[in-house]
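Encoded as structure tokens, the structure appears first; notes follow it.
Rule-based calculations on the coordinates, nothing more; no lab input. As the structure is a prediction and not an experimental result, all values here were calculated from the model. Every residue, glycine as well, gets a Cβ built from its backbone with ideal geometry; the counts of neighbours run over all protein chains shown.
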Amino acid sequence: MTDMLQAVDALLRRPADLPPPHLRASLRKADQLTQAQVAEVLNVTPLAVLRWENGQSEPRGVRRKAYARLMRGLAEKHPTVAPDFAASLAD
């Protein structure tokens, strides 16, 4: 039972791979990117990006990995936009 609880604790300590939805648009805009530009690169519609940014849905699979990479890069480039998320990347 102790191993299971330790495994659960390890899952809870994992850093978030994406910033909260309310920060995603701010990061994108800080780099002067449009939803259409992000959508084109990730091969989704601008509506999908809008939904990711307002929390209506989440990217999945390879798109999640690519979007998370974009968000991490933007947070590192613009650390004042999402300081908590940017700080979590340094851990």
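Could you go through region 48-67 and let me know if any residue there is over 11 Å from the mean Cα position of the chain (by Cα), among the aliphatic types (A, V, I, L, M), part of a helix (DSSP H, G or I) and loosely packed, with under 14 Cβ neighbours inside 10 Å. Yes, that holds for at least one residue. Among the residues of region 9-33, those identified as assigned to a helix (DSSP H, G or I) and surrounded by 10 or more Cβ atoms within 10 Å (Cβ to Cβ) are Pro21, His22, Leu23, Arg24, Ala25, Ser26, Leu27, Arg28, Lys29, Ala30. Checked against (1) of a type outside the set (Val, Ile, Thr); (2) in contact with a Pro (Cβ under 7 Å, 6 or more places away or on another chain); (3) without any contact (Cβ under 8 Å) to a residue 60 or more places away in the chain, Ala10 meets all criteria but (2). Listed by first and then second residue, the pairs with beta-carbon distance under 6 Å, at least 6 apart or on different chains, first residue in region 75-91 and in a helix (DSSP H, G or I), second of a type in the set (Phe, Trp, Tyr) and crowded, with 18+ Cβ neighbours inside 10 Å, are Ala75/Phe85. Out of region 34-44, which residues are part of a helix (DSSP H, G or I) and surrounded by fewer than 16 Cβ atoms within 10 Å (Cβ to Cβ)? Residues satisfying the conditions are Ala36, Gln37, Glu40, Val41.
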